[in-house]
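Before any comments, here is the structure.
Nothing in this text is a laboratory measurement; each read-out follows from the coordinates by a stated rule. What you see is a predicted model; the values in this text were computed from it and never measured. Neighbour counts are summed over all protein chains in view; Cβ atoms, including those assigned to glycine, are modelled from backbone coordinates with ideal geometry.
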Amino acid sequence: MNMSLTPSPDIPQDPQLRALLRQWASKLVDSEVAADRVVQRTINVICDSPELLDGAQMNEALFAILRRYAFDENDLKASRQITGAMPDLGRVSDKEGTKSN
């Protein structure tokens with residue numbers, strides 16, 4: 001979808017922009033909650049630094065910002081999964097120690 005976006009003071013409340021960002025985000029992350037976080041973080045950045053959207057490549061700049069936050073979301077999820085899958089090494093070594101006694 002190639003939609004021309006124009007910077008506006010109503011960006012945080014613009015339902016059309018949110019819908020577009022949500023569509024992009026849902027293709028990059030695997031949950032609605034993560035997509036909503038990515039959309040909100042993207043909107044926060046463009047509200048704080050609207051100059052990021054200046055120029056002819058505004059859609060590409062917006063997508064680059066959103067993609068960065070989607071990758072952050074995916075990295076966070078992966079690190080949580082790894083942390084959750086790690087056994088408590090202290091307990092494992094204690095159990096192994098009692099087996100040999």
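Mind giving me the nanometre distance, one decimal, between the label points for LEU52 and ARG68, set 7 Å out from Cα along Cα→Cβ?
Simple spin-label model gives 0.5 nm for this pair.
Between beta-carbons, use under 10 Å as the cut-off and find the net charge around VAL39, counting Lys and Arg +1, Asp and Glu -1.
After counting each charged neighbour, the total is +3.
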